[in-house]
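Colleague: Here it is: the structure, laid out below.
Just so it is clear, none of the values below were taken in a lab; they were calculated from the coordinates. These numbers were taken from a predicted model, which means no experiment stands behind them. Neighbour counts are summed over all protein chains in view; Cβ atoms, including those assigned to glycine, are modelled from backbone coordinates with ideal geometry.
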Amino acid sequence: MVAVIGLWVVAMIAGLCWARWAVAALTGLAALAALLVKWPALSQPVGWVQLAAFVGTPWLLAIQRGTFERQVKEIRVAEATQLKALQGIIRDSVEMQAWIRETEGGIARITDLYHVTKETARALRVPDLFAFAVNILPRLLRASGLRLIDLSLSGDAPVVLRARQTPDGRLVAEEVEGILPVEQAIIASAAQTSGVVSADAGTLGCELPAGVSRVAWTPLWSEQTLLGVAAADDLPADQVETLAIVANQLSLQLARVHLYQQVESMAITDTLTGLFVRRYFLELATEELLRAKRHHLPCAFLMADLDFFKAKNDTYGHLTGDVVLREVAQLLRKNLRGIDLIARYGGEEFILLLVESDPEQARLVAERLRQLVEIHPIRAYDELLSQTISVGTACYPEDGQELQELIDRADHALYAAKRAGRNRALRWSPTSSRLKAEGSREETGRLEPRT
Ligand code: GH3
Ligand code: MG
Ligand code: MG
């Protein structure tokens, strides 16, 4: 009986362990042993029930264990699927974060570029353009210095604007006289390039500024015209593309500024003589007279008119007359100081403002200019001509206080010079104004008309 129970217990354990062959063998053995010891009594129906329970319980346990094993397996499979899905989600989210970071970087660059355009688009002059660029560019470029070379002034030397990095990372405009050898080398190579070039002292063949080991530069082209060059000192290699993008913006803005300056200069410059127009002269003279009043400084207004110019036109034609007019205008301008003003006031009449000049200085200048024109031979097409001018002068503060009054009096003095025989310079006096008044009355009676 003990063996029967022992076999049954082992069969139960095998059932627990889901060892189906062992359960079958052990329950078979246990049933056989039970039949041998005649337990249960199979003559009674209850005996069959007992035998069935005896043999069935290890199988029930085994079935339970099997179900449990299957469920565990299913759960593990589900877990593995979920884990895989989770890993996929984590990978996607990492990729998404990297993309967001990259997109944010791109947006920041586009925003900065937008700011470069917005800032520099306000500039109307090249120095303003550079100042605005210097303000915004440290956000885009990690350069230790910036240079903008303006090549627009045909004939004149290039204009170089420079900025250096301060220890706090800002770029600050730097004043250096003249063009440095590195800038000369950059200008020389710019016309042959179209993109960003980066070079050290050895490649450039000249010394670099102290503390600079490399310079990157790019020409600023507008269609077929080289407007200038943008250069960055010690620019990291990964920023070359950014410099190219910035340079693209700068060339657009530089072209716009040049166009603005051209239009502005056309509006204030007389096309035939290259002198200022009357309106612009009056604007500048108003300022200058105010300054003279503020600082108690003298100044003088000169009105100069070509003598018998109508006859020259009539004899040689208007084209020749134009050449004479232009020559006289240039002669007068070249023989004035840079601070003095000269403009074409009317047809063949010029107005001059001699800054900080007293009556004696004004007399000397007027006489010198008159003589210069008189002795200057003028080549106009096939003709070699001469020309004289008459000059009237009015001095501040002695001859008048207000701009129009001074101009009128210089004109009265000019009238007096014409009446006195032309080719002479006279200063205003009350007599000249009287003469002019009488002349005007006579002119209405058609005595001697004057321009
Ligand atoms: P005056 O000595 O009194 O000044 O005599 P004028 O002949 O110079 O003076 P007038 O006023 O009789 O003539 C001025 C002439 O200047 C008439 C006009 O045709 C000429 N003129 C004005 N503007 C121009 C110009 O742009 N080109 C040319 N070729 N002639 C001009
Ligand atoms: Mg004249
Ligand atoms: Mg005239």
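Colleague: For helix 126-136, report the angle its Cα long axis makes with the longest principal axis of the Cα atoms of the chain; keep it between 0 and 90° and round to the nearest 10°.
Modeller: 20 degrees
Colleague: Ranking H318, H295 by Cβ neighbours within 10 Å, fewest first, what do you get?
Modeller: So the residues, fewest neighbours to most, are H295, H318.
Colleague: Can you give me the C-alpha center-to-center distance between region 46-93 and region 175-238, rounded to a whole angstrom?
Modeller: So the two Cα centres are separated by 77 Å.
Colleague: Still on this model: Can you grab the distance from the C-alpha centre of region 418-440 to the C-alpha centre of region 316-377, Å, no decimals?
Modeller: A separation of 19 Å, based on Cα centres.
Colleague: Taking the 0 to 90 degree range and rounding to the nearest ten, how far is the long axis of helix 430-444 tilted relative to the main principal axis of the chain, both from C-alpha atoms?
Modeller: With rounding to tens, the tilt is 90 degrees.
Colleague: Over all alpha-carbon pairs of region 126-265, lay out the pair-distance distribution in 10 Å bins, whole %, shortest bin first.
Modeller: Per 10 Å bin, starting at zero, the Cα-Cα P(r) for region 126-265 comes out as 12, 47, 35, 6, 0 percent.
Colleague: Sort 208-218, 368-378 by packing, meaning the average of other beta carbons within 10 Å per residue, with the highest value first.
Modeller: Descending packing order for the listed peptides: 208-218, 368-378.
Colleague: Each label point is 7 Å from the Cα along the Cα-to-Cβ direction; what then is the distance between the points at V176 and I110, in nm?
Modeller: According to this spin-label approximation, the distance is 3.7 nm.
Colleague: How do 407-418, 107-118, 342-353, 427-438 rank on mean C-beta neighbours within 10 Å, highest first?
Modeller: Values: 407-418: 24.8, 107-118: 14.1, 342-353: 21.4, 427-438: 17.1.
The peptides rank, most packed first, as 407-418, 342-353, 427-438, 107-118.
Colleague: Can you tell me which of 233-243, 133-143 comes out highest on packing, and rank the rest after it, using the mean Cβ neighbours within 10 Å?
Modeller: 133-143, 233-243
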